[in-house]
Amino acid sequence: MLHIYRQITGLHRVRPVVIAQKRENPETFPFDNIDTVAKPATHFLRRFWFRQVCNKPWQLSESEVRATSAVLTRENAQLLHIFFGHIAVHLLPLIRSWPKPRVVSFHGADVLVDMDKPAYRKATKEMLGLVTRVFVRSASLQCAVAELGCDESKIDIVRTGIPLQEFPFRERELPADGGWHFLQASRLVQKKGIATTLHAFTAFLSHYPNATLTIAGEGPMLEELKELTRRLKIADRVMLPGFLAPEKLLEVYYGSHIFLHPSETGSDGNQEGIPNSMLEAMATGLPVFATDHGGIPEAIENGVSGVLVAERNYEALSRALLGAVQDPDLLKRLARNGANVVAEKFDQRKQIDRLEEIYLGMIGDPRKEDR
């Protein structure tokens, strides 16, 4: 994921070594220090046994633990960082055997995955007890992890920042002909609230028929969203270009007037952290209209650095949009204040500096800057 890649490649006081099951998209994510520990041939059967027969989270095999430990020993690793909480549950054999500091990160969806199953909740609680520190992206995730049984003194809010130099602020020229262009950039999944976006946009179109909407991203809801645009009779005003490379997405940021991100709690309890695309949009000077959900209020103060409405309330979102386009000064204030918030709280360099301070403190000797 891009925000993880940015965090790893931004480290400069410690030397990261990545261990993964496979290597994908090396052109998009170039990085040399990668070791792969492939799944054994019996992985599917082992996973079936754990999940379907035992109703427990599958566990890393002995051979995978040995192979991973061998890499860690060869590299003289001083700290193990597992980047997703729902993955860490499956790595319990490695976590138990690793004698040095262990960190796990939670980013949003990985907090509540399978938590309705007692065996998964029990394994997660064990994992949280074994790791040295727990990183979360927002205060709302901090509360969620604490509710899973984590010692609150272990939890640190470590945000995945935005490389501000890649998203310079630019004031937008507002359309004279009502040709407002809205943008949402996200995975096409329920918690992103894209259905709310489409309904709100439909209501907006009845007043500004020249408006357009781009929903950039890919995911399992694509066909469902296409069908919804047809039912709402807005298919000719909505663009679904799929995943956009960063440089292309930046062009779309600058070609848009308002960014939408009405996140909601999914039917499986899945919640948002603080969306990276929302922070990028704010940095470029796009006013953001979102929801009072998850970690979003930690980046947006309603009416000051953006606009927040209740989850799933497309009527409130459309009313907020219709009011804002009548008030150019408001949009300019939201744009500037939003960019200032990102610079103050989500600057990648500041966040990585803090991450490295925590790393070095856990290692126990701040002078070990070559590890």
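Quick look at the values:
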{"read-out": "Equivalent ellipsoid, the stretch 278-343 (semi-axes from 5 times Cα gyration tensor eigenvalues, Å)", "value": "18, 15, 8"}
{"read-out": "Fewest-first ranking of 74, 133, 13, using other Cβ atoms within 10 Å as the exposure measure", "value": "74, 13, 133"}
{"read-out": "Estimated [θ] at 222 nm from DSSP helical runs (n ≥ 4, -39500 (n - 2.57)) normalised by residues in the chain, nearest 500", "value": "-11500 deg cm²/dmol"}
{"read-out": "Bins of 20 Å from zero: percent of alpha-carbon pairs in the chain", "value": "27, 54, 19, 0"}
{"read-out": "For the stretch 123-130, Karplus couplings with θ = phi - 60° (6.51, -1.76, 1.60), whole Hz, Gly/Pro x", "value": "5, 5, 5, 4, 4, 5, x, 7"}
{"read-out": "Reduced Cα scattering model of the stretch 213-277, Debye log10 I(q)/I(0), q = 0.12, 0.13, 0.27, 0.28 Å⁻¹", "value": "-0.38, -0.44, -1.33, -1.33"}
{"read-out": "Using a Förster distance of 41 Å, the FRET efficiency for residue 143-residue 76 (Cβ separation, nearest 0.05)", "value": "0.65"}
{"read-out": "Equivalent ellipsoid dimensions for the stretch 1-147 as semi-axes, Å, which come from the Cα gyration tensor, largest first", "value": "24, 20, 15"}
{"read-out": "Unit charges on C-beta of K, R, D, E only; dipole of the chain, Debye", "value": "1020 debye"}
{"read-out": "Hits among lysines - C-alpha to C-alpha of residue 122 under 27 Å, sequence gap 8 or more where chains match", "value": "39, 56, 100, 154, 191"}
{"read-out": "Residue of 305, 153, 256 that the Gaussian network model of the chain assigns the largest fluctuation, springs spanning Cα pairs under 10 Å", "value": "153"}
{"read-out": "Label-zone membership for the stretch 24-46, site residue 66, 7 angstrom Cα→C-beta point, backbone N under 17 Å", "value": "37-43"}
{"read-out": "Using distinct alpha-carbon pairs, which all enter the 1/r mean, Kirkwood radius of the stretch 122-226 in Å", "value": "17.8 Å"}
{"read-out": "Residue with peak Gaussian network fluctuation, the chain [Cα springs, cutoff 10 Å], from 34, 194, 274", "value": "34"}
{"read-out": "Ranked list, fewest to most other Cβ atoms within 10 Å of each Cβ, for 239, 127", "value": "239, 127"}
{"read-out": "Karplus (6.51, -1.76, 1.60) ³J(HN,Hα), θ = phi - 60°, over the stretch 139-153, in Hz, Gly and Pro reported as x", "value": "5, 5, 5, 4, 5, 5, 5, 4, 5, 7, x, 7, 4, 4, 5"}
{"read-out": "Ratio Rg/Rh, restricted to the stretch 164-345 and using Cα atoms, in which Rh is the Kirkwood radius", "value": "0.92"}
{"read-out": "Virtual spin-label span in nm between residue 349 and residue 254, 7 Å along Cα→Cβ", "value": "2.1 nm"}
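No value in this document is a laboratory result; all are computed from the given coordinates. A quick note: this is a predicted structure, and the numbers were derived from the prediction, not measured. For neighbour counting, all protein chains shown are included, and Cβ atoms are generated from backbone atoms with ideal geometry for every residue, glycine included.
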